[in-house]
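Q: Below: one structure in structure tokens.
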Amino acid sequence: MPFSHDDNKKLRLELIIESPALRRAEDLLRDAGATGWTVVPAMSGFGGQTRWSRGTDLSEATDMVVLICIGDEDVLKPALQTMLKLLDRRIGIVNISDVRVLRPGLF
Amino acid sequence: MPFSHDDNKKLRLELIIESPALRRAEDLLRDAGATGWTVVPAMSGFGGQTRWSRGTDLSEATDMVVLICIGDEDVLKPALQTMLKLLDRRIGIVNISDVRVLRPGLF
Amino acid sequence: MPFSHDDNKKLRLELIIESPALRRAEDLLRDAGATGWTVVPAMSGFGGQTRWSRGTDLSEATDMVVLICIGDEDVLKPALQTMLKLLDRRIGIVNISDVRVLRPGLF
Amino acid sequence: MNALDTLFSPVVMFFALGLFAALLRSPMSVPQSFAKGLAIYLMMAIGLKGGVEMSKTALDGQVFAVFGAATVLSFGLPFIAYAALRVTSGLSKTDAAATAGHYGSISIVTFVAAIDALRIAGIPSSGYLVAVAAIMETPAIITALWLAMRGARNDAADDVARDKGELAREVLLNASIVVLIGALIIGAVAGEEGYERLSAFFTAPFQGILCLFMLDMGLNAGRGLRRGWRKLGLAPIAFGLYMPLIGAVIAALIGTLIGLPPGDKALLMVLSASASYIAVPAAMRLALPESDPSVYLTLSLGVTFPFNIAIGIPLYIAVASMLSG
Amino acid sequence: MNALDTLFSPVVMFFALGLFAALLRSPMSVPQSFAKGLAIYLMMAIGLKGGVEMSKTALDGQVFAVFGAATVLSFGLPFIAYAALRVTSGLSKTDAAATAGHYGSISIVTFVAAIDALRIAGIPSSGYLVAVAAIMETPAIITALWLAMRGARNDAADDVARDKGELAREVLLNASIVVLIGALIIGAVAGEEGYERLSAFFTAPFQGILCLFMLDMGLNAGRGLRRGWRKLGLAPIAFGLYMPLIGAVIAALIGTLIGLPPGDKALLMVLSASASYIAVPAAMRLALPESDPSVYLTLSLGVTFPFNIAIGIPLYIAVASMLSG
Amino acid sequence: MNALDTLFSPVVMFFALGLFAALLRSPMSVPQSFAKGLAIYLMMAIGLKGGVEMSKTALDGQVFAVFGAATVLSFGLPFIAYAALRVTSGLSKTDAAATAGHYGSISIVTFVAAIDALRIAGIPSSGYLVAVAAIMETPAIITALWLAMRGARNDAADDVARDKGELAREVLLNASIVVLIGALIIGAVAGEEGYERLSAFFTAPFQGILCLFMLDMGLNAGRGLRRGWRKLGLAPIAFGLYMPLIGAVIAALIGTLIGLPPGDKALLMVLSASASYIAVPAAMRLALPESDPSVYLTLSLGVTFPFNIAIGIPLYIAVASMLSG
Ligand SMILES: Nc1ncnc2c1ncn2[C@@H]1O[C@H](COP(=O)(O)O)[C@@H](O)[C@H]1O
Ligand SMILES: Nc1ncnc2c1ncn2[C@@H]1O[C@H](COP(=O)(O)O)[C@@H](O)[C@H]1O
Ligand SMILES: Nc1ncnc2c1ncn2[C@@H]1O[C@H](COP(=O)(O)O)[C@@H](O)[C@H]1O
Ligand code: NA
Ligand code: NA
Ligand code: NA
């Protein structure tokens, strides 16, 4: 079983955030020591009583993105504290789940 | 630990569905009381013996999307009952996982 | 509860990989018996000290994609062994989590 | 007018290039958003041109006769198509009805290619045919739904009823109807004079842009064919080849009855012979989700579209010219 | 020059087509990436043209007077806008400041449409006005931030300070500033002769491409309006209609004071009257994330933009001509 | 023909604009899908033009001599490049081989820019050079793989063997080969007469569209440079500057030997001097995934491409003209 060892247990952080705030969130993760992340564009969504969809705001400033970061608990937990502060004034949905990974040395 | 409290436990619903049925699924979630969701475009996929990829069907009617909804168990569980009915005649893959969130008040 | 039965327990495999290797990964899943998967395009990311973003490499050969495959443990676990070999020379982040599904017969 | 001329026109050759590249599994593609932009251009161009022409002549009885005939064709052709498919192929009721709907409706790119072929051949056609194209898009969908719903499970009908607002917008306000009708009116209001400043964009580069677009259509048709042909039996493929001929013949009869000039008759034949691959599939995914898109998309885009581009258009033009000459 | 001529120009009619289609909830869309490509084209075209014209005349004192006046307008208009919003509407301080910033800045598409309207009307204008457009984009943002930050929580100010590099790049090096100023310089260097080889792309098809682009703008404006109007009260909507007039009047006064010819005066009025919906929203999301985008996007794109396109531009041209005649 | 003329041609100036904007970290971008559409246009345009010219002259021995020479150049240059990189830089065997492959292959945009420069300079060139460009794309990839595989781990070779179908399609049927060869044939079949209706799209706006495209190339080159230069040592950067000169000199010798006219000789030099940044990187990611893309993408797009656009092309044209006259 290539992933049943304890080393293979990591956290998967998923952050749904407005694109202008993405760089701030990325800097935060880098500073916390995350080894990597991947960002996926959202095409539409709903929240706070309004539907939103990519392509209707020409400035693209309200476009949402989904950031996925697989990392160690020791790295991601402290990062969440800082993230809470960043999200204080901003739109941003954060969820964390337990995952197992291949090649744990990468994280 | 900003997310180890019981309040922080939510469900993450992931629905992979054909884009023409997206609005129906969204209405269903809204009616069930979901506070928000985010939709991500898929670019290709495989299922039922055929590969599919965005950009080959000019009507875009067979394009798939991935809807992510973070919500309370009390909201999402009943929604799944209705969803089962919606998916009866349609393509649609649903998975649910346990996650912890920041700012549980949002959901 | 449409998804609390044991049958409803599946694995969710998420593979973040460079697009040129996507087909190899897909073939591997198909050979292992996966019934389907969905691929989502990434727009940017970070890893190994460099940021990457779609639209700066004209060959699109360094574009990353995220493959999501919901499947049975009996199918996905063996697939991971082969995947480890594929990823030996390649960029590729794999994480697996436990999920519950609607309509378990599909997988 | 020579059929070979059309076959070796750059427009058709670029289509063939894309088709072969896709069949050989070339990794090349024209970005979808770019092609969609070009499609809007093409529809604006023929709409404006048609409108300008309409501004010069009064609408007479013949025009309304054609509008009526077009509506009847679009409503009626799916019945023939459905019967043919149910008798010859093993397609389910739903798949046969959904496919039939495609053949009552039209392919706007086939229409654009026909307009271009007529221009090369020097045969005039009337501007209001653009309106006819828009008219024929939708009625077929109603017939298809009716065919599929007869005696269907109640929840299927319920579904359609619940989605009918969305469905109505999809079929009545889709891009091609909005742009064709809109540009037609704008062209009519602007008239020859107002159009002059636009012609450097909408007339001069038209054929070149059509070439670029056709390259993409070839790639799409080829890819659809390569993925889908295994699923199609011989009978449906044959249907994709003879159904356009049936449509064209009926249109030719009606056109002759109404006394249409050759160019207009050829265009009515083209509309009747062509099959939708944008508006109707979208409506079918919404209203008949259990129908199999790989059947109707492969047939209309992979079989009928290439057939019409390469063989159909020159044939219909030749027949229309003969009938009138 | 007839106002009705502008109202029924193809450019305005295609805008109206998009607007109505969106209000009727048509599913059609122009791909965003295609429209963005066309926007770059439009900015290159007016930049190059302006540069070529600038290469033919020496810059005199009047030009620098206009540059100065434009800077003052962009810095100053947000104060008026802010006061109007705070007094008449229930908008929060942050929302009022953010919205005010939009009205000090400019809409480049409104400017392009005005240039086109002037060409149709046969009224000449100076090339350097393109530089004026670029100049007016940014100062308003600084006023808006200052208005929002007065007495704000420290962490908000901290945030702005931390992001200021990114913010500066966003407001000083965004696409419209880079392309307008760049193309202006390139046009000036290339001169009439160098431009000749480019004019087949940048002059001849200009109005046609603008039509296609305006269709998309109509769709965007209509969609913004449909989603956002519920959130807006009457006072903000009224603001979206009278604020452009205030801006235009002030610009007309300044223009008369400087002694601008009618075409240039009309363009300065248009710039002053128009509201940003690209550069400023982007800056506001970065620096004032708690401001509500549905307020300022709906107002600038859904209310003020259509008003300027349909009524404002012909009005400003007429007034500018009158004042000078 | 004056080198400064080329340096201040709009095409080069728009490239510089994009380059500087990217180096200053401007947030602007040309949508990738739009730029990709324009790239297909540019290839269609030169392919068609070349085909029309080929339709007017018979293929003689010289043509086949050039085809042969081009094949040899593409196969051979990677050996020189590999040796230079291994001796001067610390690049690994795999990275050196992958990079070498890029310099044996070609950059089609550099080629297009050279054709445009020749037209401005009024120097004629032959249509079949487009076929030469297509021919030179692929052989270099084979050399690169061979260089990298010598004595490599078996599983690497296994991988290549398993993917060879996909690899073959990627290198033999990629967009530029399909479009260039296809348009060449279509142009040859259509001839002068058939091309006439297309020239309003493929000839007149050509230089303007190239300007728009070059703005995007500048942005890409600048971004590549900004991200990648830290990773590159001095030796690889120097390689990116002298390797094109080596390629050009060898091509000049061969061209003189074959007796090519100056325009054709200049184009062969340009092809030889240019480095791929689309076809070869794609092949390398597939076949040599452990090679580092930031090395070869930065070098070919960030160093060699700008060098060729600004300095190389005018230099090669000047040298080719001198050698011939
Ligand atoms: N519960 C949720 N699950 C997933 N995405 C959400 C959720 N709530 C909000 N979002 C996303 O966040 C955006 C802004 O939401 P809000 O902050 O509620 O206005 C929405 O458009 C969605 O894309
Ligand atoms: N097990 C799965 N995991 C993830 N996506 C799937 C799975 N099965 C099907 N899909 C997606 O659903 C689409 C339709 O599948 P099907 O209903 O099997 O034809 C596919 O193209 C995939 O995008
Ligand atoms: N920990 C991670 N979580 C999510 N994505 C990652 C992670 N590490 C790397 N990636 C993705 O993999 C790509 C290559 O990473 P690397 O192999 O570290 O160069 C990055 O650009 C990211 O898109
Ligand atoms: Na039909
Ligand atoms: Na303003
Ligand atoms: Na080369």
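Q: If you build a Gaussian network model of chain F, linking Cα atoms that sit under 10 Å apart, which residue out of F:308, F:220, F:154 swings the most?
A: Of the options given, F:154 has the highest mean-square fluctuation.
Q: Please calculate the 1.4 Å probe accessible area of residue B:6, with all protein chains present, and give it to the nearest 10 Å².
A: Around 110 Å² of this residue is reachable by solvent.
Q: Same structure again: For the Cα atoms of chain D, what angle does the longest principal axis make with the long axis of helix D:108-121, in degrees from 0 to 90, nearest 10?
A: 30 degrees
Q: Region C:21-65 to region A:1-72: how many Å between their Cα centroids?
A: Each part's Cα centre sits 16 Å from the other's.
Q: From the label point of residue C:88, set 7 Å along Cα to the beta carbon, how far off in nm is each other copy's matching point, shortest first?
A: So the label point of residue C:88 gives 5.1, 5.1 nm to the other copies.
Q: Please give the helix D:139-149 orientation as an angle from the longest Cα principal axis of chain D, in degrees from 0 to 90, rounded to the nearest 10.
A: 0 degrees
Q: If you don't mind, another one. Could you give the size of the charge dipole of region C:8-99 about its Cα centre, using +1 on the Cβ of each K and R and -1 on the Cβ of each D and E, expressed in debye and rounded to the nearest 20?
A: For region C:8-99, the charge dipole is close to 100 debye.
Q: Still on this structure, please answer the following. Residue by residue through region F:213-222, what is 3J(HN,Hα) from phi via Karplus (6.51 cos²θ - 1.76 cosθ + 1.60, θ = phi - 60°)? Round to whole Hz and write x for glycine and proline.
A: Rounded to whole hertz, the list is 5, 5, 4, 5, 4, x, 4, 5, 4, x.
Q: What FRET efficiency do you get for residue A:73 and residue E:235 if R0 is 35 Å and r is their Cβ-Cβ distance, rounded to the nearest 0.05?
A: Using R0 = 35 Å, I get an efficiency of 0.10.
Q: Which order do D:149, E:28 take when ranked by solvent-accessible area (1.4 Å probe, heavy atoms of all protein chains), largest first?
A: D:149, E:28
Q: Now for a different question. Using the alpha-carbon centroid of each, what span in Å lies between region E:272-309 and region D:1-66?
A: Measuring centre to centre over Cα atoms gives 38 Å.
Q: So, one more: Rounded to the nearest angstrom and ordered from largest down, what semi-axes does the equivalent ellipsoid of the protein assembly as shown get from its C-alpha gyration tensor (root of 5λ)?
A: Taking √(5λ) for each eigenvalue gives 40, 39, 39 Å, largest first.
Q: Evaluate the relative contact order of chain E (contact order divided by residue number), counting alpha-carbon pairs under 8 angstrom at least 6 apart; express in whole percent.
A: Taking the mean separation of contacting Cα pairs over the length of chain E, I get 34 percent.
Q: Please work out how much length the chain gains when fully extended from residue A:51 to residue A:31, using 0.36 nm per residue of separation minus the C-alpha to C-alpha distance, in nm with one decimal.
A: 3.9 nm
Q: What FRET efficiency comes out for the pair residue F:20/residue F:87, r = Cβ-Cβ distance, R0 = 41 Å, nearest 0.05?
A: Approximately 0.75, to the nearest 0.05.
Q: Also, I was wondering about something else. Give me a single rounded figure for A:75-84: the average over its residues of other chain Cβ atoms within 10 Å of their Cβ.
A: 2
Q: For a quick check, take a GNM of chain A with Cα springs below 10 Å and name the residue from A:88, A:63, A:27 with the largest mean-square fluctuation.
A: A:88
Q: Using all alpha carbons of region F:1-115, what is the percent of pairwise distances in each 10 Å bin, ordered from the shortest bin to the longest?
A: 10, 23, 32, 29, 5, 0
Q: Can you name the chain E residue with its Cβ nearest the rotation axis from E to D, and give the distance in Å as a whole number?
A: Residue plus distance in Å, as requested: E:33, 3.
Q: Using protein chains only and a probe of 1.4 angstrom, how many square angstrom of residue D:211 are accessible, to the nearest 10?
A: Its accessible surface works out to 0 Å², give or take rounding.
Q: Three principal axis extents, largest first, for the C-alpha atoms of region D:84-152, in Å?
A: Result, largest extent first: 49, 23, 15 Å.
Q: Taking the Cα centre of region F:2-323 as the origin, how large is its charge dipole in debye, to the nearest 20, when only Lys and Arg (+1) and Asp and Glu (-1) carry charge on their Cβ atoms?
A: Roughly 780 debye, rounded to the nearest 20.
Q: Residue F:85 accessible area, nearest 10 Å², 1.4 Å probe?
A: 0 Å²
Q: Next question, about the same structure. What is the Cα centroid distance between region F:224-248 and region D:107-167, reported in whole angstrom?
A: So the separation of the two Cα centres works out to 57 Å.
Q: Do you know which residues of region B:24-42 lose at least 40 square angstrom of accessible area in the protein assembly compared with their chain on its own, with a 1.4 angstrom probe?
A: With the partner chains in place, region B:24-42 has these residues losing at least 40 Å²: B:24, B:37, B:38, B:39, B:40, B:41.
Q: Charges at C-beta only: +1 for Lys and Arg, -1 for Asp and Glu. How large is the resulting dipole of the protein assembly as shown about its Cα centre, in Debye rounded to 20?
A: With only Lys, Arg, Asp and Glu charged at Cβ, the dipole is about 980 debye.
Q: At residue F:62, label 7 Å along Cα→Cβ: distances to the other copies, nm, ascending?
A: Computed spacing set for this position: 5.8, 5.8 nm.
Q: May I ask which residue of F:130, F:16, F:70 lies farthest towards the positive end of the charge dipole of region F:2-323, with charges of +1 (Lys, Arg) and -1 (Asp, Glu) on Cβ and the Cα centre as origin?
A: F:16
Q: With the other protein chains left in place, how much accessible area per residue, in square angstrom, belongs to region D:2-323 at a 1.4 angstrom probe?
A: 32 Å²
Q: State, to one decimal in nm and shortest first, how far the label point of residue D:25 sits from each corresponding label point in the other identical copies (label point: 7 angstrom along Cα-to-Cβ).
A: Those label-point separations list as 4.5, 4.5 nm.
Q: Between residue F:322 and residue F:57, what is the spin-label point distance in nm, taking each point 7 Å from the Cα along the Cα→C-beta axis?
A: Going by the 7 Å Cα→Cβ label model, 2.5 nm.
Q: Now, a different point. Using helices alone, what [θ] at 222 nm do you get for chain E, with -39,500 (n - 2.57) per DSSP H run of 4 or more residues, divided over all residues and rounded to the nearest 500?
A: Only helices count here, giving -24500 deg cm²/dmol.
Q: Out of C:83, C:43, C:64, any idea which swings most in a Gaussian network model of chain C, alpha carbons joined below 10 Å?
A: C:43
Q: Dividing the convex hull volume of the alpha carbon atoms of chain E by its residue count, what do you get in Å³ per residue?
A: Per residue, the Cα convex hull of chain E comes to 128 Å³.
Q: So what's the angle, to the nearest 10 degrees on a 0 to 90 scale, between helix C:22-32 and the longest Cα principal axis of chain C?
A: Tilt of helix C:22-32: around 20 degrees.
Q: Turning to a different aspect of this structure: What part of the accessible area of region E:2-323, given as a whole %, is carbon or sulfur when the probe is 1.4 angstrom?
A: Roughly 69 percent of what the probe reaches on region E:2-323 is carbon or sulfur.
The values are calculated or read from the model by the stated rules, or taken from the named source; none is laboratory data. Keep in mind that what you see is a predicted model, and the values were worked out from it rather than measured. Counting neighbours? That spans all protein chains shown, and the Cβs are built from the backbone with ideal geometry, glycine included. Accessible surface is based on the protein model in full, side chains and every heavy atom, while ligands, DNA and RNA are left aside. Shrake-Rupley method; radii C 1.70, N 1.55, O 1.52, S 1.80 Å.
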